[in-house]
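Report on one structure; see the data block that follows.
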């Protein structure tokens, strides 16, 4: 094996290039812009037909980008997100507004499923 | 005797570690703020970061065209470093020779060093404009293609090389260019290293000139990007420090990679007889 291959000027750039390629491959496989999650009330019961609002960060303000409604199990899904810094909020006529959840992504349009549901402070009747 | 010597060695190393820690503290503080959103004026200050994260770096990457700024800065810095080494070495070699008007030329160079760049920026802009180099990489690098300080660094290094070596090379049939390349430059590694480091730092940190001659955001360099980022993200200290880390990282990385060569180059000139 030639000695120059073992030089740090070869090994370190190769390691960096390998890391960059792997990361870009991972991004390419996971940049569908899909955001999924659940909405529950204060007691943990799913909230059907709640409006979920997706807000996108634009420098220092958050602008509303999309809205969707939860299904009978309180699940919601957004498609086509193109940002990396988001906020999610749910609202219904009877329960008011949920806490606003900050969602930070590692890259634009990263597919993500919320590990914790959006929670209202009130209980469903 | 041996334990006594070892004890003093421990003390010396402990003192060096302490001094190093004090010197590295500002860097640590920048890094710590970059991975948190802590207020830098918070009292009492926290030594360890609380719930660190890397999302400030993601913000920097996406809120401004950071990769483009980085590429622009790199291209300009490479141009400046390469031209400084070539042009300054040639100018310095000429100044080691005796020719009519040499003294006046040296005085001219020295007096030019007294004029601040801000005073010559309008003629520099007009010349660059006439050459059609506005908003181009060459235009960005133009005022730094050769610097008088670095010419004198090379001149001093070349004058330290024995004239007999240059004469011997000439008798062997080397042209003037090859004498610089094959004889003087290898014996002046300290001057080359100084030129590279100074030219890189000056071009990497240049703000006023790129601000004046760039017309499009796609041609801006990292310092301009930092100013733009500041105007957008006035409330986020963490993102600002993340930007600073990302600007610093390439140069620190290059320095760490080339540390051995830099130190060898800088110290060989000092210890040579």
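Derivation of every value follows stated rules applied to the coordinates shown; laboratory data play no part. This is a predicted model, so every value here is computed, not measured. A quick note on method: Cβ atoms are made from the backbone with ideal geometry, for glycine too, and the neighbour counts reach across all protein chains shown.
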query = Between residue B:167 and residue B:255, what FRET efficiency follows from the Cβ-Cβ distance if R0 is 45 Å, with the result rounded to 0.05?
reply = 0.75
ask   = When the helix-only estimate is applied to chain B (DSSP H runs of n ≥ 4, each -39,500 (n - 2.57), divided by the residue count), what is the mean residue ellipticity at 222 nm, nearest 500 deg cm²/dmol?
value = -23000 deg cm²/dmol
message = Suppose only helical runs count, i.e. DSSP H with n ≥ 4. What mean residue ellipticity at 222 nm does that imply for chain A under -39500 (n - 2.57) per run, divided by all residues and rounded to the nearest 500 deg cm²/dmol?
response = -6000 deg cm²/dmol
message = Can you give me the distance in nm between label points at residue A:16 and residue A:71, each placed 7 Å from the Cα along the Cα-to-Cβ direction?
response = 4.7
task = Specify whether the C-alpha gyration tensor of the protein assembly as shown places it in the rounded, prolate or oblate class, a ≥ b ≥ c being the square roots of the eigenvalues: rounded for a/c under 1.5, otherwise prolate if a/b is larger than b/c and oblate if not.
result = prolate
request  = Assign one of three labels to the stretch A:35-119, namely rounded, prolate or oblate, based on the Cα gyration tensor with a ≥ b ≥ c the square roots of its eigenvalues; rounded applies when a/c is under 1.5, prolate when it is not and a/b is larger than b/c, and oblate otherwise.
outcome  = prolate
ask   = So if we plug the beta-carbon distance of residue A:58 and residue B:10 into 1/(1 + (r/R0)^6) with R0 = 45 Å, what FRET efficiency do we get, rounded to 0.05?
value = 0.20
ask   = Where a ≥ b ≥ c are the square roots of the eigenvalues of the C-alpha gyration tensor, would you call chain B rounded, which needs a/c under 1.5, or, failing that, prolate if a/b is larger than b/c, or oblate?
value = oblate
message = Need one number: nm distance between label points at residue B:21 and residue B:113, each 7 Å from Cα along Cα→Cβ, rounded to one decimal.
response = 4.1
Fewest-first ranking of B:4, B:246, B:113, using other Cβ atoms within 10 Å as the exposure measure = B:4, B:113, B:246
ask   = Stretched out fully, how many nm does the piece from residue B:230 to residue B:82 gain, at 0.36 nm a residue minus the Cα gap?
value = 50.1 nm
task = Express in nm, to one decimal, how much length is gained between residue B:129 and residue B:201 on full extension, taking 0.36 nm for each residue of separation and deducting their alpha carbon distance.
result = 23.4 nm
